[in-house]
1. Within the set of other residues whose C-beta is less than 11 Å from the C-beta of VAL43, count the net charge using Lys and Arg as +1 and Asp and Glu as -1.
2. How far, in degrees from 0 to 90, does helix 2-18 lean away from the longest principal axis of the Cα atoms of the chain, to the nearest 10?
3. May I ask for the distance between the Cα centers of segment 25-43 and segment 45-65, given as a whole number of Å?
4. Would you work out if the chain is rounded, prolate or oblate? Take a ≥ b ≥ c from the square roots of the eigenvalues of the alpha-carbon gyration tensor; rounded if a/c is under 1.5, else prolate when a/b is larger than b/c, oblate otherwise.
5. Where the only charges are on Cβ atoms (+1 Lys, Arg; -1 Asp, Glu), what is the dipole of the chain about its Cα centre, to the nearest 20 debye?
6. Among the lysines, which fall within straight-line cross-link reach of LYS27, defined as a Cα-Cα distance under 22 Å, with same-chain neighbours fewer than 8 residues apart omitted?
7. Quick check for you: with a 1.4 Å probe and neighbouring chains kept, what is the accessible area per residue of the chain, in Å²?
Amino acid sequence: VYLLFQALRQISQRTLSTASRRQFENKVSENQKLFQEDNGLPVHLKGGAKDSLLYRTTAGLTVFGTVYALYYLLVSSMPKKPN
């Protein structure tokens with residue numbers, strides 16, 4: 001049992017230490033410059049077209065959901081007609 005544990009530990013250490021690691025470029029300073037720039041845009045729209053699309057989609061779904069909820073509130077508050 002001890003030998004099995006020892007072998008598994010060696011395999012896991014070898015696998016973890018030799019795994020290829022992706023090197024990511026650090027873009028923090030670029031993003032800081034972008035978001036701190038005084039260009040009159042709110043911070044939630046400074047990311048470009050993708051942020052604008054997400055904002056408009058969220059706003060549209062919110063308006064649709066509110067109207068839908070109010071409609072069903074109105075429908076459910078009306079008495080049913082007897083047949």
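The values are calculated or read from the model by the stated rules, or taken from the named source; none is laboratory data. If you're wondering where the values come from, they're calculated on a predicted model, not measured in any experiment. In this analysis, Cβ positions are derived from the backbone assuming ideal geometry, glycine residues included, and neighbour counts consider all displayed protein chains. Accessible surface is based on the protein model in full, side chains and every heavy atom, while ligands, DNA and RNA are left aside. Shrake-Rupley method; radii C 1.70, N 1.55, O 1.52, S 1.80 Å.
1. Details: positive: LYS46; negative: GLU37, ASP51.
Here the charged neighbours net out to -1.
2. Long axis of 2-18 versus the principal axis of the chain: about 70 degrees.
3. 19 Å
4. Details: a/c = 6.59, a/b = 1.64, b/c = 4.03.
Cα axes put the chain in the oblate bin.
5. Values: 11 positive and 5 negative charges, 89 e Å.
In total the dipole reaches around 420 debye.
6. Result set, ordered by chain and number: LYS46, LYS50.
7. Values: 8380 Å² over 83 residues.
Each residue of the chain exposes 101 Å² on average to a 1.4 Å probe.
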